[in-house]
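I'd like to ask some things about the structure below.
Derivation of every value follows stated rules applied to the coordinates shown; laboratory data play no part. If you're wondering where the values come from, they're calculated on a predicted model, not measured in any experiment. A quick note on method: Cβ atoms are made from the backbone with ideal geometry, for glycine too, and the neighbour counts reach across all protein chains shown.
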Amino acid sequence: MNTTLETTADPMPEELAYLGERLTAFNDGDVGPSGRKALAVFVRDDAGAVVAGISGYTAWGWLFVQWLWVDEKLRGQGMAGKMLDAAEHEAMKRGCRNAWIDTFNPVAAKTYQRQGYQPFGTLADFPVGRDRIFLRKSLVAADQNDAGVSA
C-alpha cells in the first residue's frame, strides 16, 4: 500500500468525523463503550441571550468540563459555582463518579478549588508565562466511596 502524509490547517469536517468514528470504534473494543453524551449549562438574561455557560460531556463515568465562561458583568457572584453544581448534578444522574477541568487562568483555578476540585497536574508555559492546571473532583460522597469496602 502506498501512502502519503498530509498536514493541513483546514481539515474537512467529514474527515475529522471519520477519525472520531475510527477512534471511538477502537476505544469501544479496547475498554468498552464510553457512553459519551454532551452536557451544557446556560445562564440567560431577560432577553434570552446567553450570559454564562458550560460545555462539556460525560463519558466512562466522568464529567469533562471543556468550556466555562461567565460574562464580566456576572463575575464574582458565584455563577461559575452554580453552573458547576448543575453540571455535576446532571453528571451524577448519568452515573458519573468524577469530574475534571483544566485552565491556565489562576483566578479560575481558585474558583474550581473552592468548588472542591483538586489539582492533579500542570503543564508549564502553556501558554507561555502561564501554567495549564488540571483539576479533578470526586462526585461521590465520602460515605458512598467507602460503601461496601471492608477493612
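Fewest to most neighbouring Cβ within 10 Å: what's the order for PHE134, PHE126?
Ranking PHE134, PHE126 by Cβ neighbours within 10 Å, fewest first, gives PHE126, PHE134.
If I take the Cα coordinates of segment 20-106 and project them onto the principal axes, what are the three extents in Å, biggest first?
Computed over segment 20-106, the largest-to-smallest principal extents equal 47, 28, 23 Å.
Of (i) 78, 13, 8; (ii) 29, 24, 18; (iii) 24, 18, 16, which is the value of semi-axes √(5λ) of the Cα gyration tensor in Å derived from the coordinates here?
(ii)
Pick out, from GLY81, LEU19, VAL50, the residue whose Cα sits farthest towards the positive end of the charge dipole of the chain, with +1 on the Cβ of Lys and Arg and -1 on the Cβ of Asp and Glu.
Most positive-ward Cα: GLY81.
Then there's this: For labels at LEU19 and LYS93 in the simple 7 Å Cα→Cβ model, what's the distance in nm?
Going by the 7 Å Cα→Cβ label model, 3.4 nm.
Separation of segment 102-127 and segment 1-61 by C-alpha centroid, Å?
23
Modelling each spin label as a point 7 Å along the Cα-to-Cβ direction, I'd like the ASP85/VAL107 distance in nm, to one decimal.
A separation of 2.2 nm, rounded to one decimal place.
Points 7 angstrom from Cα along the Cβ direction at PHE26 and GLN66: gap in nanometres?
Label at PHE26, label at GLN66, 1.9 nm between them.
Additional query: From the phi of every residue in segment 29-40, what ³J(HN,Hα) in whole Hz does the Karplus formula 6.51 cos²θ - 1.76 cosθ + 1.60 yield, where θ is phi - 60° and glycine or proline is x?
x, 7, 10, x, x, 7, x, 4, 8, 4, 9, 9
Continuing with the same structure: For segment 4-12, in order, what is each residue's ³J(HN,Hα) by Karplus, 6.51 cos²θ - 1.76 cosθ + 1.60 with θ = phi - 60°, in whole Hz (x at glycine and Pro)?
10, 9, 10, 10, 9, 9, 9, x, 6
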